[in-house]
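Chemist: The structure follows.
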Amino acid sequence: MNVDAWVTLAVVVVVLALLVRGRVAPSLVLLGGAVAVLVLGVVQPQEAFSGFSNPAPITVAALYVLAAGVEKTGALTPVMQRTLGDNGTYRRPLLRTLPPTMAASAFLNNTPVVAMLAMQVSAWADRRDVAASKFLMPISFAAIMGGLLTVIGTSTTLVVSSQMTTFGLEELGFFEISLVGLPIAAIGLVLLVTLAPVVLPDRRSARAEVEEAGRRFSFEMQVVPGGPMDGRSVEQARLRRLDGLFLASVDRGDTVIAPVRPETVLRGGNRLHFVGPAGRVVDLQGMPGLRSAELEHVLDLDEPSVRYFEAVVGQRSPLVGQTLKAVGFRSAYQAAVLAIHRSGHLVANRLGTERIRLGDTLILVSDPGFRERWRDRPDFLLVADLDGRPPVASPRAWIPITALAAVVVLAATGLVPILNGALIAAAVLIMTGILSFPEARRAIDFDVILVIASAFGLAAAMQSSGLADVVAGGLVQLTSALGPHGVVLGLVLATIILTELVTNNAAALLMLPIAVNAAAAGGVDPRGAAIAVAVAASASFLSPIGYQTNMMVYGPGGYRFTDYARLGWMFTTLVIVATVVLVPVFWPTA
């Protein structure tokens, strides 16, 4: 290897190590890698930042906006509400739910699809007293497999398609990846319906854990007219920083104040809604100026001024590694954490001093507007209302659905490029008022966009330095005894391992130069090798951290880390076998 190849290898190793460690945001790590190969003279500026002028990140951003419009209007609600039905315990509801999930994920970002279904399925399972854990992981897996049916099904396939042009290959056709993806989805559907009810254990959800523990209550106190608290602010009355208690709302009779601010003035007769451990009621009753308003009750979801939510902490959340006390959770989020659910169990330690971990589910109480404020922000991967009420379908739901259908038809027929169609559709949603500009901006996951754009620079360095050719040569040498099928097998295994360790988009973009070079040396069609990488990078089933939808259902399903491998190894094997067998068939060597 030459000096540039060694330098690039060192940068890539450092980047991968930082991504696996998970202490720094993936976008910053990959951007730093792109800057490093530029500063070290491996690539020119136009190569290092080629991703920022590539249509893939912009297309992905526009599709995020389109998916947000569909979610906000509840366009899929009527379809999804009919899927579970009332007959059957596990297999029939799964058979009704999973095909629509796959279909929706083929054309939409699967994150809002899974978010909507996770809420509805959890509520449905609670009503029927069945385990939500039997449904939520299959829904995530179905969404992942649905993404393999079209070029816009996942951002990974889109970026692979766009980068293919740098190797002299044409972009993927709209349904081209379905030659491999459709058999995987069909067989995967049968496996999910047949085996998931047997293989997946019964796990109690975060909500069920809290309710069954019975240790946290909501209750009301009343301000005594003419008493010491009458006319004083919440801060002056010392109700702002109560250990383990949270003042959720103030009911004045004619109006309800929620969230409550430190400067809110208390008046005689006001009903104060507190949430916290039952044992603290005695402390409140001993405070001058307060008296009990009613008996305590467990998670009263009918209280109009207070709502309860599940919030899943994702990889990009600033809460990871921090304590609730350190971040000032109550004032920063205008909510109080009642419980932390982790790996299928409630955390027993003092919540204020417990460090938040990736995948933790916070059971919290706030005002009804909490979900709208935080659902599109990186702080939480999923914010679900505990009452499980789905969004009501808007009379204007036909607008985003029509826009999506137009993008699909025009792109599939080749009349309008995907980028142009997606941008026009996103603009239509904003101009018609379906989404405001701030809502559209919040819908875009800029961390993903930056990961995609930055990874192009590292991929260019691997190609221009000759590192990709060296790695590809070693891969071909190891698998040459098995012929073209062996080369595809090596590419798929390497991509799957890399995807489970780092982000799927980064894995795909780093593996693509290797795949194209290996194809040339190993008697494989480069187009087929690129598709093998796209499929392998888009199919992560072995852990909750490998794919975003897996993490979304981790807490609500009450899963443990090993539950994913218990079911996921079958689907990983399916992806490997199907890709290795079908790629040489549909894309034979020229």
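No lab work stands behind these numbers, since they all come straight from the coordinates. For clarity, every value in this text was computed on a predicted model and none was experimentally measured. When we count neighbours, we look across all protein chains shown, and the Cβ atoms used for this are built from the backbone with ideal geometry, even at glycine.
Chemist: Express in nm, to one decimal, how much length is gained between Ala186 and Leu415 on full extension, taking 0.36 nm for each residue of separation and deducting their alpha carbon distance.
Modeler: 79.5 nm
Chemist: Between Ser436 and Asn2, take the C-beta separation as r, use R0 = 56 Å, and let me know the FRET efficiency to the nearest 0.05.
Modeler: My answer for the efficiency is 0.60.
Chemist: Stick to the Cα atoms of the stretch 467-590, pair each with every other, and give me the Kirkwood hydrodynamic radius in Å at one decimal.
Modeler: Result for the stretch 467-590 stands at 14.7 Å.
Chemist: On C-alpha positions alone, give me the angle between the axis of helix 418-431 and the longest principal axis of the chain, in degrees, nearest 10.
Modeler: 20 degrees
Chemist: For a label point 7 Å from the Cα of Ala406 along Cα→C-beta, name the residues of the stretch 431-467 whose backbone N is under 14 Å from it.
Modeler: 431-434
Chemist: How would you order 440-447, 257-264, 495-502, 138-145 from highest to lowest mean count of nearby Cβ atoms within 10 Å?
Modeler: 138-145, 495-502, 440-447, 257-264
Chemist: According to the square roots a ≥ b ≥ c of the eigenvalues of the Cα gyration tensor, what is the shape class of the stretch 307-385, taking rounded for a/c under 1.5, prolate for a/b larger than b/c otherwise, and oblate for the remainder?
Modeler: Cα axes put the stretch 307-385 in the rounded bin.
Chemist: Oh, and also: Using only the alpha-carbon atoms, how far is helix 504-522 inclined from the longest principal axis of the chain? Give it as 0 to 90 degrees, nearest 10.
Modeler: 10 degrees
Chemist: Would you work out if the stretch 392-541 is rounded, prolate or oblate? Take a ≥ b ≥ c from the square roots of the eigenvalues of the alpha-carbon gyration tensor; rounded if a/c is under 1.5, else prolate when a/b is larger than b/c, oblate otherwise.
Modeler: prolate
Chemist: Based on the Cβ-Cβ distance from Leu482 to Val14, what FRET efficiency comes out when R0 is 41 Å, to the nearest 0.05?
Modeler: 0.80
Chemist: Determine the sum of side-chain charges near Val121: Lys and Arg each +1, Asp and Glu each -1, restricted to other residues whose C-beta is under 12 angstrom from that of Val121.
Modeler: +3
Chemist: OK, next. I'd like the per residue volume of the convex hull spanned by the Cα atoms of the stretch 96-214, given in cubic angstrom.
Modeler: That works out to 111 Å³ per residue.
Chemist: Only counting other Cβ atoms within 10 Å, I'd like Leu358, Leu247 sorted with the fewest neighbours first.
Modeler: So the residues, fewest neighbours to most, are Leu358, Leu247.
Chemist: Going by how many other Cβ atoms sit within 10 Å of their own, how do Phe586, Phe274 line up, fewest first?
Modeler: Listing Phe586, Phe274 from fewest to most nearby Cβ atoms yields Phe586, Phe274.
Chemist: Rounded to the nearest 0.05, what FRET efficiency do Ala332 and Ser233 give with R0 = 22 Å and r taken as the Cβ-Cβ distance? Could you check?
Modeler: Calculated value: 0.65.
Chemist: Say each of Ala427 and Phe446 gets a label point 7 Å from the Cα, pointing the same way as Cα to Cβ; how far apart are those two points in nm?
Modeler: Between Ala427 and Phe446, the label points sit 2.2 nm apart.
Chemist: Now, a different point. Given charges of +1 on the Cβ of Lys and Arg and -1 on the Cβ of Asp and Glu, with all other atoms neutral, how large is the dipole of the chain about its Cα centre, in debye to the nearest 20?
Modeler: 900 debye
Chemist: Using +1 at the Cβ of each Lys and Arg and -1 at the Cβ of each Asp and Glu in the chain, identify which of Val409, Thr165, Gly369 lies farthest towards the dipole's positive end.
Modeler: Toward the positive end, the furthest listed residue is Gly369.
Chemist: Size of the dipole of the stretch 307-385 about the Cα centre, Lys and Arg at +1 and Asp and Glu at -1 on the beta carbon, nothing else charged, in debye to 20?
Modeler: It comes to approximately 220 debye.
Chemist: Another question, then. Rank-order 176-184, 471-479 by packing density, defined as the average count of other C-beta atoms within 10 Å over each peptide's residues, highest first.
Modeler: My ranking of the peptides, most packed first, is 176-184, 471-479.
Chemist: How would His341, His485, His273 line up from fewest to most surrounding beta-carbon atoms within 10 angstrom?
Modeler: Arranged by neighbour count, lowest to highest, His341, His485, His273 become His485, His273, His341.
Chemist: Now for a separate question. Give me the one-decimal nm value for the distance between modelled label points at Gln46 and His345, 7 Å along each residue's Cα-to-Cβ direction.
Modeler: 5.9 nm
Chemist: With Kirkwood radius over Cα pairs in Å in mind, check (i) 29.9; (ii) 25.4; (iii) 26.9 and report the label derived from this structure.
Modeler: (ii)
Chemist: Quick check on the chain: helices-only [θ] at 222 nm, where DSSP H runs of length 4 and up contribute -39,500 (n - 2.57) each and the sum goes over total residues. Nearest 500, please.
Modeler: -17500 deg cm²/dmol
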